[in-house]
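Sharing a structure here in structure tokens format.
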Amino acid sequence: MSLVQTLLTVIPSALLAATTATILLGRRWRYAIIALGVQYLIVFWLAQQVLPFGLAAVKLVSGWMAAALISTSLPGGESLEEEDPAPSWLVFRAVAAGFVLIVVASIYPAVATWIPVDTEILLGGCILIGMGLIQLGMSTGVPRVILGLLTVLSGFEVFYAALEDSVLVAGLLAMITTGLAVAGSYLMSLPVRHEEAG
Amino acid sequence: MSAPILWVLLPGLAGAALLLVRNRHPWPGVISGGLSAALALAAVFLQPGEAFGIGPLQMTIGTTLTVFGRRFVFLAGDSGLLALIYGVAALWFFGGLALRAPGRFYPLGLMMTALLVAALAVEPFLYAALLVEMAVLVSIPLLAEPDRRPGFGLLRYLIFQSLGMPFVLLAGWMLGSVEVIPERELLFRQASVLLGLGFSFWLAVFPFYTWVPLLVEESRPYLAGFAVSMLTTVVLFMMADFINGFTWLRGNAGMYQVLQIAGAVMVVVAGVSAAFSRKLQRLFGHVLIAENGFALLAMSLRSQAGMEIFATGLLPRLMTLALFALGMGILTNRNVRLDLPDLQGLARRFPVSAGVLVLAVFSFGGLPLLGSFPVRQGLYELLAGQNVNLVFAVLASTAGFLLAGFRMLAAFIVGGSGGEAEAEGDLERLMLLAGTLCLVLIGLLPGPMLRGLLQVLLAFPNLR
């Protein structure tokens, strides 16, 4: 593999690791939304290698729409959390993210026997799915759950773009991405739960 | 006019239009219920692809609608499925009318039903996963209470249902590649694993079941009952369609064993949890889980008799769930907390609701002369021929539901203030009594009451 090819494989994966880590570890929602936007740009970059430009652009547009929709409903303050987390929160999440990245790096060749796609796409998809799952597993708040689901689904979309180039699938997946953001925005707009009497 | 336009586009668009008038009680409920009932009747009398006459006019409802090169197809054999789904939806909508369910229930419920029906019609079948996910997204505003932040149950529901989609899509892609890849055995194994995971997420198979009781507890029980029972029933149909469509899957004995174990574990876990449930909503959640377990057990029998039990079990299943949810809905509407200690003396205050709730749990537990009994008896008989130990485990777990029923009965008739009956509304009482009569009639006359449901199996010709 030439140096250029290696770089083309490593750079998108490294960027995805950075964006997903920003979403997982960052406490300011503005950074998370920016990271989500960049994430969809890289998803577009990976998808356009296997899909026609127009279909790949659908993923970018729907992803950015999702990011915009979520940002309109996020809380007025700066933080994604309802309460200030303990300092160990960041350390714990960082260690977990590190573990996930190590696991992804070690298992992606095995995944290739199930899903035969290019290394670049495989690695990118695995990072998104792994980091999205850890986000889902460690979060209870609506914004983080929606961000986690969008991350997992965008990882799946990267895989699936290489396997299926149907217009209907691309359209339906775009609708699901925006639908998820709409559902998330709706849930985030609901008032804080008041404990039931008694 | 094609069948997908009639049974998918029309209710979907009607649902979207009803969003605009959702608060004008009772019209959204009347229109949703009426349209669903009309679509169910249309499915009984108008077979897709077959000619029918209105006076001198001869017409045919087309079978296919093509969208971006993919097809939505309903054949004559799908009529039973359509009639059942829309008939049950009508029942829930009319129940909602009696209950004065929130206005959002009718449009979103109708759209959800249309999307789930579309999932059964789409070809290639792998696209169904995308439509199921869209139905899940539509159900989110239905299940979220507008006056409070969503809890863990709703979020877990969204997570688990969304995670099911990629697995089923990937499995569908693998099955489509079988023709061009030489290593078929490996591919079949991989596709089976992915399918199994996808359906496990969708059907709340152990250990992915925790969201069900939580969701019912957090949302309005009636709305949660509608969403979860419709969703899981259609997913069970999709599963049957998968098995029907792939010869290798039908011939795979291991797959049936996995189904059997998964079904038994669901019934056992739900039965044990039900015995200790102090909240009616949680008990309802466990009933939902166990109902899916029983459906899997029936499908796992790998015989025509097993599929007949699956099909005939659908009506008692859906009736029991609807009655249980309606009973709880009536109580929550009157600010009655659904914890057993708070329900003491309920039989004096709400005699019909209390009776129906107990009856629904007993029916689900398989008490003789009630709706589920004939189906359960047939299932146990066939299952005993394959695995006696499993029958004992399932029977013991069913006792958990009977125990829960006796605890409810004790709480309802003992203690309490002994005040005057607050009573249900006339329409509520009518719905409760009609449903109860139906459950008892199914128990007494299972043959005539359930035979029509065998039409559902026409959609799965290879499983009959």
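Coordinate-derived values only; no laboratory data. The shown structure was predicted, so the numbers you read here are calculated from the model rather than taken from an experiment. So basically every Cβ, Gly included, is an ideal-geometry build from the backbone, and we count neighbours across all protein chains shown.
Can you work out ³J(HN,Hα) from phi for every residue in region B:264-273, in order, using Karplus 6.51 cos²θ - 1.76 cosθ + 1.60 and θ = phi - 60°, giving whole Hz and x for Gly and Pro?
Listing the rounded values in order: 5, 4, 4, 5, 5, 4, 5, x, 5, 5 Hz.
So what are the ³J(HN,Hα) numbers for region B:242-247, from phi and the Karplus equation (6.51, -1.76, 1.60; θ = phi - 60°), rounded to whole Hz, Gly and Pro as x?
In residue order, the calculated couplings are 4, 5, 5, x, 10, 4 Hz.
Whole angstrom only: what separates the Cα centroid of region A:95-160 from the Cα centroid of region B:226-284?
28 Å
Which value in deg cm²/dmol, rounded to the nearest 500, describes the helix-derived mean residue ellipticity at 222 nm for chain B, given -39,500 (n - 2.57) per DSSP H run of n ≥ 4 and division by the residue count?
-22500 deg cm²/dmol
Still on this structure: Would you work out the charge dipole size for chain B about its Cα centre, treating the Cβ of every Lys and Arg as +1 and the Cβ of every Asp and Glu as -1, and quote it to the nearest 20 debye?
480 debye
What value, in deg cm²/dmol to 500, does the helix sum -39500 (n - 2.57) over DSSP H runs of n ≥ 4 give at 222 nm once divided by the residues of chain A?
Mean residue ellipticity, 222 nm, calculated: -27500 deg cm²/dmol.
With +1 assigned to the C-beta of every Lys and Arg and -1 to the C-beta of every Asp and Glu, and no other charges, what is the dipole magnitude of the protein assembly as shown about the Cα centre in debye, to the nearest 20?
About 660 debye.
In addition: Could you pull out every residue, at least 5 positions away or on a different chain, whose amide H is within less than 5 Å of the one on B:Val67? Hs are placed 1.01 Å off N in the peptide plane, and Pro or chain starts have none.
B:Phe72
In whole Hz, what ³J(HN,Hα) sequence does region B:76-93 give by Karplus (6.51, -1.76, 1.60; θ = phi - 60°), x for Gly and Pro?
For region B:76-93, the Karplus-derived couplings read 4, x, 7, 4, x, 4, 4, 4, 5, 4, 6, x, 5, 4, 4, 4, 5, 5 Hz, x marking Gly and Pro.
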